[in-house]
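Enquirer: Supplied in structure tokens, the structure appears directly below.
Only the coordinates and a few stated rules stand behind these numbers; no lab work does. For clarity, every value in this text was computed on a predicted model and none was experimentally measured. In this analysis, Cβ positions are derived from the backbone assuming ideal geometry, glycine residues included, and neighbour counts consider all displayed protein chains.
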Amino acid sequence: MTKRRIGILTGGGDAPGLNAVIRAVVKRGAGQLGWDIIGSEDSFNGFLMRPQRLFELTPRSCQGLLHRGGTILGTTNRGDPFAWPESDGGARDRSAELAAAIRSAALEGLIVIGGDGTQRIAARLMREHGIKVVGVPKTIDNDLTATDFTFGFWSAVEVATEALDRLHTTAESHDRVMILEVMGRTAGWIALYAGVAGGADCIALPELPYDPERFCEKIRARRARGRQFSLIVVAEGARPKGRERSSGTVKHGRGSIRAGGAGQTLARALAERLDVETRVTVLGHLQRGGGPIPFDRVLATQFGVEATALVERGAWGRMVRVAGGVIGSVAMEQAAVEPRLVDPGHPLIATARAVGIELGA
Ligand code: F6P
């Protein structure tokens, strides 16, 4: 039997745990099953670059990866091979060229680690060009419908919670309102979990456009009780009622949006209504950088091993997932659907309200 040769790549924004997945695939695939594992640099781009950027991954070259943040393969959230951006602002379909490059690298198929955009590209490559793929979901936003959790999410929540703990002490010392802006353009999971974990007084989510007056009421009530400071968590996609988005939001690339200004927008709304000193901290990519916490190391390892098992069984076209605590998989076509947003009826929303957190709506 010929030796199996499998490609692997990471696409979209990075997330703590990507390297742990790569390590697990290489340990199992190359170390135990004797496969050749070929990494493509910067998502699918490694196949399209001249010269190509493909390199073999071995258990030795993947040593020390479990706790390392980022991705040794590099990644990008630009450069869809089906709509490759051209210098004149147009786009060109390079998917056939990509499929030919994957075949000429003698790869049986690819393990594609990425978010919804990357998984959609992978599913399309399989559907339109017959390239075999297995997906591994990732996003710190935790907004993929097909899986209960993605690795990286809890690491991001940990960073955001620590930031809140730190803001807490300085807010208290100075009698200030501290606003922490966290990631989440359309889904407010990081804001919700970190807000509950860090004892926020108010949380603003993209899914619940807020009335600033409700936040002001909460702050006034706290002050009336002698609590002169308040902590607010704002997801970057949060916005006041009646507004489509925050002032600093800009278009970035083809159809995607870079959120910005949610914290400042809320700070201005508070300043118009309250005599209180407010400071805004934008946590930004600190939430994505750095190594994964133990939960994410374990989940990433489980995902990597499961992806390898799918390849071993020839179960192409499936994406790894965790559902009800059980690691398994789902058809990729079924997985690449609308993002999972925070439902106003979610039990954690009820918990937040029950401990007095104001959600602005
Ligand atoms: O999708 C993950 C995410 O972290 C979003 O929460 C955030 O808006 C976006 O990526 C930022 O991406 P970039 O790396 O392009 O700034």
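Enquirer: Taking the Cα centre of the chain as origin, sum charge times position over the Cβ atoms of Lys and Arg (+1) and Asp and Glu (-1), and report the length of that vector in debye to the nearest 20.
Expert: Numbers: 46 positive and 39 negative charges, 91 e Å.
Dipole magnitude for the chain comes out near 440 debye.
Enquirer: Identify which of ARG176, ARG243, ARG214 has the largest mean-square fluctuation in a Gaussian network model of the chain, with springs joining Cα atoms closer than 10 Å.
Expert: ARG243
Enquirer: Going toward the positive end of the dipole of the chain, with +1 on Lys and Arg Cβ and -1 on Asp and Glu Cβ, which of VAL234, GLY39, VAL355 do you reach last?
Expert: GLY39
Enquirer: Starting from 0.36 nm per residue, how many nanometres of slack lie between GLN32 and ASP175 once their C-alpha separation is accounted for?
Expert: Computed gain between GLN32 and ASP175 is 45.6 nm.
Enquirer: Sum -39500 (n - 2.57) across every DSSP H segment of at least 4 residues in the chain, then divide by the residue count to get the 222 nm mean residue ellipticity, nearest 500. Intermediate results must be reported in sequence, preceding the final value.
Expert: Working: 11 runs with 124 residues, N = 361.
Computed mean residue ellipticity for the chain: -10500 deg cm²/dmol.
Enquirer: Taking only complete DSSP H runs, can you tell me which helices of the chain stretch 27 Å or more along their own long axis by Cα positions and average at least 0.0 on the Kyte-Doolittle scale?
Expert: Numbers: long enough: 153-174 (31 Å, -0.16); 294-313 (28 Å, 0.24).
Flagged H segments are 294-313.
Enquirer: Please name whichever of HIS285, GLN63, VAL326 sits farthest to the positive end of the charge dipole of the chain, dipole taken about the Cα centre and charges placed at Cβ: Lys and Arg +1, Asp and Glu -1.
Expert: Comparing the listed Cα positions along the dipole, GLN63 ranks first.
Enquirer: Taking 51 Å as R0, compute the FRET efficiency from the Cβ-Cβ separation of ASP93 and ASP148 and round it to 0.05.
Expert: Numbers: r = 35 Å, r/R0 = 0.68.
The pair ASP93/ASP148 has a calculated efficiency of 0.90.
Enquirer: Tell me, what is the FRET efficiency for ALA100 and GLN334 to the nearest 0.05, using R0 = 22 angstrom and their Cβ-Cβ distance as r? Don't skip to the answer; put the middle values down first.
Expert: Numbers: r = 28 Å, r/R0 = 1.27.
Result of the calculation: an efficiency of 0.20.
Enquirer: To continue, here is another question. Between ARG78 and ASP275, what FRET efficiency comes out of the Förster formula 1/(1 + (r/R0)^6) with R0 = 41 Å and r the beta carbon distance, rounded to 0.05? Intermediate results must be reported in sequence, preceding the final value.
Expert: Working: r = 45 Å, r/R0 = 1.10.
FRET efficiency, ASP275 to ARG78: 0.35.
Enquirer: If the only charges are +1 at each Lys and Arg Cβ and -1 at each Asp and Glu Cβ, what is the size of the charge dipole of region 156-289 around the Cα centre, to the nearest 20 debye? Intermediate results must be reported in sequence, preceding the final value.
Expert: Working: 21 positive and 16 negative charges, 78 e Å.
For region 156-289, the charge dipole is close to 380 debye.
Enquirer: Continuing with the same structure: Limiting things to C-alpha atoms, what are the Rg and the maximum Cα-Cα separation (Dmax) for region 266-361, in angstroms?
Expert: For region 266-361, the Cα-based Rg and Dmax read 20.5, 64 Å.
Enquirer: Further, regarding this structure: Hey, can you grab everything whose amide H is under 5 Å from the amide H of ARG318? Only 5+ residues off in sequence or another chain; H modelled, so Pro and N-termini drop out.
Expert: Excluding prolines and chain starts, which carry no amide H, the hits are GLY135, MET332.
Enquirer: Which residue fluctuates most in the GNM of the chain (Cα springs below 10 Å): LEU348, LEU231, LEU299?
Expert: LEU348
Enquirer: Over 27 Å between Cα atoms: which of LYS218/LYS241; LYS138/LYS241; LYS3/LYS132 fall into that group? Walk me through the intermediate numbers first.
Expert: Working: LYS218/LYS241 17 Å; LYS138/LYS241 31 Å; LYS3/LYS132 17 Å.
Result: LYS138/LYS241 exceed 27 Å.
Enquirer: How high is the relative contact order of the chain? Use alpha-carbon pairs under 8 Å, at least six apart in sequence, and give a whole percent. Please list the in-between numbers first.
Expert: On the way: 806 pairs, mean separation 78.4, N = 361.
Normalised by residue count, the contact order of the chain is 22 percent.
Enquirer: Just the ratio, please: alpha-carbon radius of gyration of the chain over 2.2 N^0.38 Å, N its number of residues.
Expert: Working: Rg = 22.1 Å, N = 361, 2.2 N^0.38 = 20.6 Å.
Normalised by 2.2 N^0.38 Å, the Cα Rg of the chain equals 1.07.
Enquirer: Also, I was wondering about something else. Determine the shape class of region 1-95: with a ≥ b ≥ c the square roots of the Cα gyration tensor eigenvalues, call it rounded for a/c under 1.5, and otherwise prolate if a/b is greater than b/c, oblate otherwise. Walk me through the intermediate numbers first.
Expert: Numbers: a/c = 2.96, a/b = 1.64, b/c = 1.81.
Here region 1-95 falls in the oblate category.
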